[in-house]
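Novice: The structure that follows is given in the form of structure tokens.
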Amino acid sequence: MFAIEICLLLLALGVSALMRPWRMLVGPLGAPWAASLVVLSLLWVLPQMLPNGISIQLSGACLLVLMFGWPLAVIELVLVALAVWTLGDLGFAAVLSQLVWIGLVPATLALALGEALRRGLPAHPFIYVLGRGFIGTAMSIFAAGAAYEFIHHLLGGVAVEHALVARWLMAWGDAFLTGMLVAVFVAFVPEWLATWSDQRYLGSPPPPPSSS
């Protein structure tokens, strides 16, 4: 499992770096990117501080893809993992697994699903918010979690039935949070969404009336 996770990390980081996504931080995405880095780092390290071993882990990866695009989301997820490794009590292998299966894999699935929706369905704000924000997030988070559980099971881990139920419930928690924030951003600060386009989803504004 460790070798698989290292390969996935290096592949995602290499592809992302080739696109030089940090150039986007010069514009309006700079402040929300820095803020989300701090908030997501705290959310990822929070389960280690909960009592009695309760683990409630939010991903946030799909929201990052919608806000900053996949390459910049990958960079942020790696920085978040480094912060968790520094501030928390988990070892490198545990943080790597968290990064790959809660961060990179859901982010990549969200990118693929978003591209499929963009090509297959009409350009409508409802489809963007519901399809990519709510349902797309739930499907991406659950699919990544299910893939981890099956691989872990094949390598000698526990049965997957109860784990999949937990993954499904946690995926919808992430989906409601992502969908709610995306709806707010579309309405009030669409410039915080790199995957949003007024021209695409709202159409061109009508021409001004002639003065004749």
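Novice: Would you list Ile102, Ile4 from the most to the least accessible area, probe 1.4 Å?
Specialist: Output order, biggest surface exposure first: Ile4, Ile102.
Novice: Quick one: helix 70-87 against the long Cα principal axis of the chain, what's the angle to the nearest 10°, folded into 0 to 90?
Specialist: Helix 70-87 sits roughly 40 degrees off the main axis of the chain.
Novice: Mind checking the angle between helix 105-120 and the chain's longest principal axis? C-alpha axes, 0 to 90 degrees, to the nearest 10.
Specialist: Taking the Cα atoms of the chain, the angle to 105-120 is about 30 degrees.
Novice: Same structure, new question: Using 0.36 nm per residue, how much length does the chain from Arg20 to Leu87 gain when fully extended, once their Cα-Cα distance is taken away?
Specialist: 21.4 nm
Novice: For the chain, what log10 I(q)/I(0) values come out of the Debye formula at q = 0.12, 0.18 1/Å, with one point per alpha carbon and no solvent?
Specialist: Those come out to -0.63, -1.37, one per q.
Novice: Expressed in nm to one decimal, what extension gain is obtained for the pair Val184 and Val165 from 0.36 nm per residue of sequence separation less their Cα-Cα distance?
Specialist: Contour length minus Cα-Cα distance gives 3.9 nm.
Novice: So what's the net charge close to Cys62: Lys and Arg +1, Asp and Glu -1, counting the other residues with Cβ under 13 Å from its Cβ?
Specialist: -1
Novice: Could you give the accessible area per residue of the chain, probe 1.4 Å, as a whole number in Å²?
Specialist: I get 54 Å² per residue for the chain.
Novice: Same structure, new question: Can you tell me the relative contact order of the chain? Whole percent, Cα pairs under 8 Å, sequence separation 6 or more.
Specialist: Once divided by the residue count of the chain, the mean separation gives 24 percent.
Novice: Given a 1.4 angstrom probe, I'd like the percentage of the accessible area of region 1-140 that is carbon and sulfur, rounded to a whole number.
Specialist: 77
Novice: How tilted is helix 161-188 with respect to the longest principal axis of the chain? Cα atoms for both, answer in degrees (0 to 90, nearest 10).
Specialist: Its long axis makes an angle of about 30 degrees.
Novice: Another one. Helix-only estimate, please: 222 nm mean residue ellipticity of the chain, summing -39500 (n - 2.57) across DSSP H runs of length 4 or more and dividing by its residues, to the nearest 500.
Specialist: The helix contribution divided over the chain gives -20500 deg cm²/dmol.
The values are calculated or read from the model by the stated rules, or taken from the named source; none is laboratory data. What you see is a predicted model, and the numbers here were worked out from it, not measured in a lab. Backbone-built Cβ (ideal geometry, glycine too); neighbour counts: all protein chains shown. Accessible surface areas use protein heavy atoms only, side chains included; no ligands, DNA or RNA. Shrake-Rupley method; radii C 1.70, N 1.55, O 1.52, S 1.80 Å.
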